[in-house]
1. Considering the stretch 37-53 alone, what residues qualify as being touching a helix residue (DSSP H, G or I) at 6+ places or on another chain (Cβ under 7 Å) and within 16 Å of L102 (Cα to Cα)?
2. Can you name every residue in the stretch 75-103 that is touching a helix residue (DSSP H, G or I) at 6+ places or on another chain (Cβ under 6 Å) and at pLDDT 90 or above?
3. Restricted to the stretch 72-103, and to residues that are of a type in the set (A, V, I, L, M) and not in a strand (DSSP E or B), which residue is farthest from the chain's Cα centre (by Cα)?
4. Considering the stretch 75-95 alone, what residues qualify as being of a type in the set (G, A, S) and in contact (Cβ under 8 Å) with a residue 40 or more places away in the chain?
5. Considering only residues of the stretch 45-69 that are within 11 Å of L34 (Cβ to Cβ) and not small (G, A, S), which is surrounded by the fewest Cβ atoms within 10 Å (Cβ to Cβ)?
6. Going through the stretch 52-71 one residue at a time, which ones are of a type outside the set (V, I, T) and assigned to a helix (DSSP H, G or I)?
7. Which one is modelled with the lowest pLDDT, of the residues in the stretch 1-31 that are open to solvent by 100 Å² or more (accessible area, probe 1.4 Å) and within 17 Å of the chain's Cα centre (by Cα)?
8. How about the stretch 70-92: which of its residues are over 17 Å from N32 (Cβ atoms) and among the small types (G, A, S)?
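The values are calculated or read from the model by the stated rules, or taken from the named source; none is laboratory data. Just so it is clear, the structure is predicted and the values come from calculations on it, not from any experiment. All Cβ positions, even for glycine, are placed from backbone atoms using ideal geometry, and neighbour counts span all protein chains on display. For the accessible areas, the whole protein counts, side chains as well, though only heavy atoms, and no ligand, DNA or RNA atoms are used. Shrake-Rupley method; radii C 1.70, N 1.55, O 1.52, S 1.80 Å.
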Amino acid sequence: MRLEYIIILVVLLIILLAVLKANKKDAKVDLNKLVLYLGGKDNIIQAETKLSRFIVTLKDISKVDKEAIQKLGAKGIVEIDNQLKIILGKESAQLKKYIDELK
């Protein structure tokens, strides 16, 4: 009887791991696409990070595809005048560095 319980336990663990892996979102943000969705590198005036937020000042906010940015993994976007505050988590610093290298 013990062997049956062990087999059941192993099968349940495999199913649990498969479900967790399927539900886990890939946290990496495609930086090239994100810059494109911000209107391209020429549309970006200034970029900075504060904790998990990426703050970007833009020339033309109408060029931004907010829906596409959300699909890439942004947890939230706040628009104030020509500035966007995008909640990206730990990818914020990586994006700032990438944009600084583009300029």
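1. Here is the first cut: in the stretch 37-53, the residues touching a helix residue (DSSP H, G or I) at 6+ places or on another chain (Cβ under 7 Å) are 37, 39, 41, 43-44, 47-49, 52-53.
Hits for the stretch 37-53 are Y37, G39, K41, N43, I44, A47, E48.
2. I77, N82
3. So the residue we want is L102.
4. Across the stretch 75-95, the qualifying residues are G89, S92, A93.
5. Filtering the stretch 45-69 for residues that are within 11 Å of L34 (Cβ to Cβ) and not small (G, A, S), the one surrounded by the fewest Cβ atoms within 10 Å (Cβ to Cβ) comes out as D65.
6. The answer is S62, K63, K66, E67, A68, Q70, K71.
7. D26
8. Passing the criteria: G76, G89.
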